[in-house]
Amino acid sequence: MTKHSKQIKQPSTEPIVIRRADHGISRKEISPSALKVLYKLNDAGFDAYMVGGGVRDLLVNLHPKDFDIATNASPEQVSKVFRNSRIIGRRFRIVHVHFGREIIEVSTFRAQSSQSTKVSGNSLARNVKHLDSVQNQSGMLLRDNVYGTIEEDAVRRDFTVNALYYTVQGFTVYDFCHGMEDIQNRILRIIGDAEQRYIEDPVRILRAIRLASKLNFTIEEKTEAPIKACASLLESTPPARLFDEFMKLFFNGNGLLTFNKLYMYQVFGVLFPPLSNIISFSDSRDRLMLEGAFRSTDERILNKKSVTPAFLLAAILWPAVRRSYQQKLSTKLPPMLAMHDAGQEIIENQLAQIAIPKRFSIPMREIWEYQLRLERHNGKKAELLVTKKRFRAAYDFLLLREASGEEMKGLGQWWTSYQTADAQQRQTMRQSLQQSSLPKPRKRKVKSESSTK
Ligand code: ATP
Ligand code: MG
């Protein structure tokens, strides 16, 4: 225990100790950088463990995305051991140890902050500085830096399978919450009272759904029961944090499954307010559009192709944009302007919940506006459009719309053929299009006598 610890409690339960021969984790599967951090902290006289997704994923034979380390050293002590490190974070103060492009996250053991101070929204900004743990009036944790023992650190984690601690001293796994048994039974179980844990941090709802999809685990009954009722708590989660969670939810190769589960637990609609009126998906095209986008994102990730949140977000919000566009057209707004305004309106509405960075929201609007440009492809325009940076995404988007059942009059097929055609064929395609869509001869306006004068 370090002198920085704020709470000292005797451990109430002894952990289950799982020896090297019984857990199957090999050092070869752990990032050399994470191992270095473990050994160096031990050499400096501290306890250090790999914990969380690193241990969990190795135990189910997956490749961990990252390796998190927990220690009894304070952030300052950790940063003294590693010159290549930085203390970051406000809600949690943690240390990032840099090894080239790889970052190992080191956090000091923390305690569950049941003794934290409740503050009202208004006094928060003024009072937050001197408090180690802060909740708002509904019990949500805002700041949480109460250091503790390893036992306390284990029970403030979210799920039992995330509270397994691996040490290089004897290569043992310490199991404080019966996580190993849950791994064996493929069960995702929250630690403590589910409702209270969701109130403290509603993002745990998203984590439950994401991890159950990723691991193909069943969400245990009591963990599952309050999800629907607690989903609206996500409305008060900071939008920037929800953007990070959005990325983790849908860019891991299990997006479609995750979407279906989020939808089933009535969480999806909370994340995307512009869809609130159509979330029952009574028009099958809307749901097919979203499913198609998640499926193609998963496939691209599987095939190691690039993916962008701009495309996926454009597709998720399309049902709302399409309706808003139609509505604006009916007020006689010109199409381009109607699409521009619809895009702006829907993005603004969405930003209140998920902070989409401009570098993604701008291309999203371009993808929507290009849908109109792809419809007006006669003459030289087609030749110019295929050379544009946004063409590929807009064309893929058009195909998704077509596949979802929107009536596109063969537009997708036309563009597919156009791209593979040679110069001569392209010209013929444009001409045949011009002939078939020749504008009807306009009636000449008879200028009034007064206007000619
Ligand atoms: P992955 O890295 O595969 O997304 P992970 O479980 O490692 O999954 P991280 O975000 O890296 O997720 O978090 C590391 C660990 O920190 C978790 O395993 C869990 O023990 C703890 N943790 C993360 N978020 C929370 C939370 N909101 N509440 C409680 N504990 C959390
Ligand atoms: Mg992790």
ask   = With all pairs of different alpha carbon atoms counted, what Kirkwood hydrodynamic radius in Å does the stretch 295-434 show?
value = 16.1
query = Ignoring ligands and nucleic acids, what accessible area does W415 show with a 1.4 Å probe (Å², nearest 10)?
reply = 0
ask   = Based on the mean of other beta carbon atoms within 10 Å per residue, what is the order of 96-103, 335-342, most packed first?
value = 335-342, 96-103
inquiry  = Whole-Hz ³J(HN,Hα) for each residue in the stretch 342-352, computed from phi via Karplus 6.51 cos²θ - 1.76 cosθ + 1.60 with θ = phi - 60°, x for glycine and proline: what do you get?
reply    = 4, x, 4, 4, 5, 5, 4, 4, 6, 4, 5
task = Report the FRET efficiency, 1/(1 + (r/R0)^6), for Q196 and D22, where r is their Cβ-Cβ distance and R0 is 35 Å, rounded to 0.05.
result = 0.60
note = From the Cα centre of the stretch 327-377 to that of the stretch 149-204, the distance in Å is 44
key: Entries of K358/K388; K65/K304; K214/K389 with Cα pairs more than 22 Å apart   = K214/K389
key: Candidate aspartates and glutamates - alpha carbon under 16 Å from K36, same-chain residues fewer than 8 apart omitted   = D47, D66, D68, E102, E105
message = Based on alpha-carbon centroids, what's the gap between the stretch 208-233 and the stretch 294-326 in Å, whole number please?
response = 24
note = Two pseudo-spin positions, 7 Å from Cα along C-beta at L384 and at A423, lie apart in nanometres by 2.0
request  = Return the distance in nm (one decimal) between the two label points of a simple spin-label model at K305 and K36, each offset 7 Å from Cα along Cα→Cβ.
outcome  = 3.7
inquiry  = Tell me whether the stretch 185-291 comes out rounded, prolate or oblate; compute the Cα gyration tensor, take square roots of the eigenvalues as a ≥ b ≥ c, and use a/c under 1.5 as the rounded threshold.
reply    = prolate
note = Diffing the stretch 332-341: the Karplus 3J(HN,Hα) column from phi (6.51, -1.76, 1.60, θ = phi - 60°), in whole Hz with x for Gly and Pro, holds 6, 6, x, x, 4, 5, 4, 5, 4, 5
query = By the gyration tensor of its Cα atoms, with a ≥ b ≥ c the square roots of the eigenvalues, what is the shape of the stretch 280-320: rounded for a/c under 1.5, prolate for a/b over b/c, or oblate?
reply = oblate
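The values are calculated or read from the model by the stated rules, or taken from the named source; none is laboratory data. Note that the structure is predicted; figures quoted are calculated from it, not measured. Because the Cβ atoms are built from the backbone with ideal geometry, glycine has one as well, and the counts that use them run over all protein chains shown. We work out accessible area using only protein heavy atoms, side chains counted, and drop any ligands, DNA or RNA first. Shrake-Rupley method; radii C 1.70, N 1.55, O 1.52, S 1.80 Å.
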